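Report on the following structure.
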Amino acid sequence: MYEFRYNAVMKIFHSEIHRRHNPPFEVFDGGRRVPYLESPARMDHILSALRKTNWADIKEPADFGLDPILAVHDSDYLKFLASAWDEWQAPVSEFDFAPDNSALLPATFALRRHPHKPKSLLGRAGYYMMDLSAVIVKGTYEAALSSTNCALTGAQAIIEGEPVAFALCRPPGHHAGKDYAAGYCFINNAAVAANELSSKDKVVILDIDYHAGNGTQDIFYNRSDVLTISIHADPAYEYPYYAGYEDEIGSGQGKGFHHNFPLPSGTDDLRYLAVLERAIGTIKTFKPKYLIVSAGVDIYDGDPFGTFKITRQGIRQIGTKIANLELPTLFVMEGGYANEALGENVVALLESFVR
Ligand SMILES: [Zn+2]
């Protein structure tokens, strides 16, 4: 009889190409320019903590090309990501100029109620961006592709029989929808990996990042073969504001296959773990073959973006509960900004998967 077993080592996929995405600033509510919080240093903290363990087997990702990404994202959106930086540097029309060429950020955003998709660079930037955090610089597109390749290589490892893999992705992905960038995210790494796995069997994406996984919700909203679950700060008070509500349950074929668990500010270990238990019940009922965890650790007490009070021990218990599902599991790195604690928090989340 088939017996599920974890290994003594965990395959981890990471590429240094992420460093090419290093925006000089972002813009906070109220217009204040601040250093980019989703910084390359985040990966250094995580890698340093992983290297102190005796189970982290860190490898370069393979290159899967554009096809798996185009299976999830809009092709015009991807073309925009590919060419936006060069267009910003060399304006192609009198309507595109670069008042500050250190970063591409539009000042106008589409509400998507309009029939026209503009041709100008700034028009498209506002059309394809949801906010002022998905700043595009010279290396953004390459970094986003390499990040997605980490997730795809992890999915491949799972298909080939690894019980668990960790895609140490940067930039993150869960806020990126079919045709928009948002919340530091450009390509939805977990969604691209889930779509690949879905060609084999049923998949669940469990999003434990502090913020609602609006992009993942958008991508799978009409599908029943990929169950999506997000546990997060209530969008009534927290970013991304416009998705992540409890009554959003999927539509058409996908009705009943999306679940949001919005939580109040100040949520502690006890409350969180009780809600996770409900989410795990939903996963068991669905009977998936594969599990993807959108792994954000900005739920941690002390995260500069978070309002939750989850301790490191709480994060460890979250990992243990997920490990007890005994499903082939791909972790995909999302948020987490308490840099000094970030590495240890990621280790705490993962270590129940090494036996
Ligand atoms: Zn987050």
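Within the range 105-164, which residues are over 17 Å from the mean Cα position of the chain (by Cα), closer than 25 Å to Phe64 by Cα and among the hydroxyl-bearing types (Ser, Thr, Tyr)? Tyr128 - this is the single residue of the range 105-164 that is over 17 Å from the mean Cα position of the chain (by Cα), closer than 25 Å to Phe64 by Cα and among the hydroxyl-bearing types (Ser, Thr, Tyr). In the set Leu50, Leu70, Leu81, only one residue is surrounded by fewer than 16 Cβ atoms within 10 Å (Cβ to Cβ), closer than 26 Å to Ala165 by Cβ and not acidic (Asp, Glu); that residue is Leu70.
Scanning the range 166-191 for residues that are outside any loop (DSSP other than H, G, I, E, B), farther than 21 Å from Leu50 by Cβ and within 16 Å of the ligand (Cβ to nearest atom) turns up Gly177, Ala181, Ala182, Cys185, Ala191.
Does the range 215-225 include one or more residues that are basic (Lys, Arg) and farther than 28 Å from Glu326 by Cβ? Looking for residues that are basic (Lys, Arg) and farther than 28 Å from Glu326 by Cβ, one finds none in the range 215-225, hence no. Looking only at residues that are free of Cβ contacts under 8 Å to residues at least 60 places away in the same chain, touching a helix residue (DSSP H, G or I) at 6+ places or on another chain (Cβ under 8 Å) and in a helix (DSSP H, G or I) in the range 215-248, which one is farthest from the ligand (Cβ to nearest atom)? Going through the qualifying residues, I end up with Phe220. Scanning the range 109-131 for residues that are of a type in the set (Lys, Arg), in a helix (DSSP H, G or I) and crowded, with 17+ Cβ neighbours inside 10 Å turns up at least one hit.
From the list Ala155, Ala212, Ala144, Ala194, the lone residue that is under 20 Å from Ile231 (Cβ atoms), away from the ligand (no atom under 15 Å from the Cβ) and not in a strand (DSSP E or B) is Ala194. When Ala8 is tested against the conditions (1) among the aliphatic types (A, V, I, L, M); (2) under 25 Å from Tyr141 (Cα atoms); (3) assigned to a loop (DSSP other than H, G, I, E, B), the lone failure is (2).
Scanning the range 190-210 for residues that are among the aliphatic types (A, V, I, L, M) and out of contact with any helix residue (DSSP H, G or I) (no Cβ under 7 Å at 6 or more places or on another chain) returns a single hit, Ala194. Every condition in (1) farther than 24 Å from Ala134 by Cα; (2) touching a residue at least 24 places away in the same chain (Cβ under 8 Å) holds for Ser294 except the one numbered (1).
The numbers here are math on the coordinates, done by the rules we state, and not lab data. Here the structure is a predicted model, which means the values were calculated and not measured. With ideal geometry, Cβ positions are generated from the backbone for all residues, glycine too; neighbour counts draw on all protein chains shown.
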